[in-house]
């Protein structure tokens, strides 16, 4: 299986792609749109994209906005949740206590500010386009450090000086896999939906959600995003336990379609076990 | 009024602070936590923080996680929505067509990829810690460009070569102002709530939302975030039209408190007009 993902090599998106399909052939591309285009063109079987709490830029918002398009041609066929564990790394032999710079994506630098002040007090933050780009930069600049993940440290032969240095522990990022084909039920699935409601009907969101809750179908995520077309209107993204082919869920979705202004099933896929 | 905000000067957070209180004295600080600490310590009257779709890192997620803490001592006292309009800028006399580098925060570089390829085809992307840091860097490196906002272009005396160059137009970011004191009703307010529901009661989210919808109170935003304490449990962030002192809303909140596992009113504040 060939997976397109936001590159370069060694990003958290690559970590997610390999967590989802350890044997996959990877195709790093410069944007989420490019990953989706690769699947549409048949150059990749799936695209793995950040859905929330992305460490590297606004990929998650890009993903949501693409999924909400009425003519979006792919389906969510999988999910994967990876722990964001930042490592303090550098060329072998570097001494963190005297290092002059610490390279990383600005988000990672913000997330590790207190740890870096403690572990590498003389190191000035330097921005990189990605955490793996940061490690590459540090490997070429003696006496400097980088913040990145374990995989990119391995890729670049960097030494790990401190593990899991985020000031807040327990950060996880959820990614989805997008493909051209629908999945079949596995018995432990989730289904992602997007819908809009009428601006002037405050009750319709609750009505739609009630169709799922009333059938005992667990909602595991809900998010509203303003639409760009009209102020005051929202797209709601909802994940519900079950497969779209399960009779109860199929019934709820059909009814929801009659209440929502617009509704699209983004896909059904096996639930990632760690999400509980 | 003195406003603490994620710095440096010229960031979109500063733009938001000035859109909210044009006469404010600004106190740029290195993190969202530091902005909040400044208010707690009485060094600032309010902290302005990104709530969604942040262009500069994970500030919005940091804000949500801080607000959800049970002992969080501040209240939301205002909101402000600003348009994210990226400008292609540089030192006066620079020719975009032959520029060799374009500096910016990685998120801004990703968001302007197509425009940059068209306007500055020879420019290689270079990461900066912030969009204003990028402009400062470009001003010191002849023949290079930066992507940033109009305010930071003014601050650094940069020339704007192209306006609003985001590949997707219409991006807006919502910020909140946090202070020690509660507001009084204005007649056009919003109230932000955070609550958790029981893991094994799929219907309780819908029950809580129904208390507002059933009273005709418009929900303008809903977002779920996994709690860090327990897998499979979520904090829901909900914005509802009205002030917590309005009788109908006060009644709904009191009832919601009996259904939710935990509920906190994050604050009531005047609605930002542009949100529709």
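Using 7 Å Cα-to-Cβ label points, what is the residue B:113/residue A:140 separation (nm, one decimal)?
2.1 nm
Could you work out the Rg to Rh ratio of the range A:87-162, with Rh taken as the Kirkwood radius (inverse of the mean 1/r over all Cα pairs)?
The Rg/Rh ratio comes out at 0.90.
Quick check of the Kirkwood formula: for the protein assembly as shown, what is the inverse mean of 1/r over all pairs of different Cα atoms, in Å?
24.1 Å
Quick check on the range B:122-276: take the gyration tensor over C-alpha atoms, sort the square-rooted eigenvalues as a ≥ b ≥ c, and tell me if it's rounded (a/c under 1.5), prolate or oblate.
prolate
What order do you get for A:261, B:103 when you list them from fewest to most C-beta neighbours inside 10 Å?
A:261, B:103
Hey, for residue B:25 with labels 7 Å out along Cα-Cβ, what do the inter-copy distances come to in nm, ordered shortest first?
6.4
7 Å along Cα→Cβ for the label point: how many nanometres lie between residue A:42 and each equivalent label in the other copies, listed shortest first?
7.2
Relative to the longest principal axis of chain A, what angle (0 to 90°, nearest 10) does the C-alpha long axis of helix A:247-259 take?
80 degrees
Can you give the mean number of other chain Cβ atoms that lie within 10 Å of the Cβ atoms in peptide B:221-227?
6
Using only C-alpha atoms and all pairs of different ones, pull out the Kirkwood radius for the range A:1-52 in Å with one decimal.
10.4 Å
Determine the percent antiparallel among the DSSP beta bridges restricted to the protein assembly as shown, to the nearest 5.
75 percent
Can you sort B:212, B:237 so the residue with the fewest Cβ neighbours within 10 Å comes first?
Taking fewest neighbouring Cβ atoms as first place, the list is B:237, B:212.
Pull out a ≥ b ≥ c, the square roots of the eigenvalues of the alpha-carbon gyration tensor of the range A:189-275, then state rounded if a/c is under 1.5, prolate if not and a/b is larger than b/c, and oblate in the remaining case.
The shape class here is prolate.
Relative contact order of chain B, please, whole-number percent, based on alpha carbon pairs below 8 angstrom and at least 6 residues apart.
Relative CO of chain B lands at 21 percent.
Label points 7 Å out from Cα along the Cβ direction at residue A:181 and residue B:97: separation in nm?
Here the answer is 5.0 nm between the modelled labels.
Looking only at other chains, what is the average number of their beta-carbon atoms within 10 angstrom of each beta-carbon in B:64-76?
Partner Cβ neighbours, averaged per residue: 0.
Suppose you put the label 7 Å out from Cα in the Cβ direction; list, shortest first and in nm with one decimal, how far residue B:1 is from each other copy's label.
Taking the point 7 Å beyond Cα along Cα→Cβ, the inter-copy spacings are 5.2 nm.
Is the shape of the range B:207-257 rounded, prolate or oblate, going by the alpha carbon gyration tensor and its root eigenvalues a ≥ b ≥ c, with a/c under 1.5 for rounded and a/b larger than b/c for prolate?
It is prolate, given that a/c is not under 1.5 and a/b is the larger ratio.
Write down the percent of antiparallel bridges among all DSSP beta bridges whose residues are both part of chain B, to the nearest 5.
75 percent
Considering the rotational relationship between chains A and B, which residue of chain A contributes the beta-carbon of minimal distance to the axis, and what is that distance to the nearest Å?
Its Cβ sits closest to the axis: A:127, 2.
Order these by the 10 Å Cβ neighbour count, fewest first: A:63, B:13.
Ordered from fewest to most neighbouring Cβ atoms within 10 Å, A:63, B:13 come out as A:63, B:13.
How big is the Rg/Rh ratio for chain A, C-alpha atoms only, Rh by Kirkwood, two decimals?
Across chain A, the Cα-based Rg/Rh ratio is 1.04.
Determine the distance separating the Cα centre of the range B:252-270 from the Cα centre of the range A:120-143; give it in Å without decimals.
Comparing the Cα centres of the range B:252-270 and the range A:120-143, I get a distance of 45 Å.
Evaluate the relative contact order of the range B:87-162 (contact order divided by residue number), counting alpha-carbon pairs under 8 angstrom at least 6 apart; express in whole percent.
48 percent
Of all DSSP beta bridges in the range A:87-162, what percent run antiparallel (nearest 5)?
Antiparallel: roughly 50 percent of the beta bridges in the range A:87-162.
Here, each number is a calculation from the coordinates, and none is a lab measurement. Everything numeric here is computed off the predicted structure, so don't read it as measured data. Every residue, glycine among them, receives a Cβ derived from its backbone with ideal geometry; neighbour counts consider all protein chains shown.
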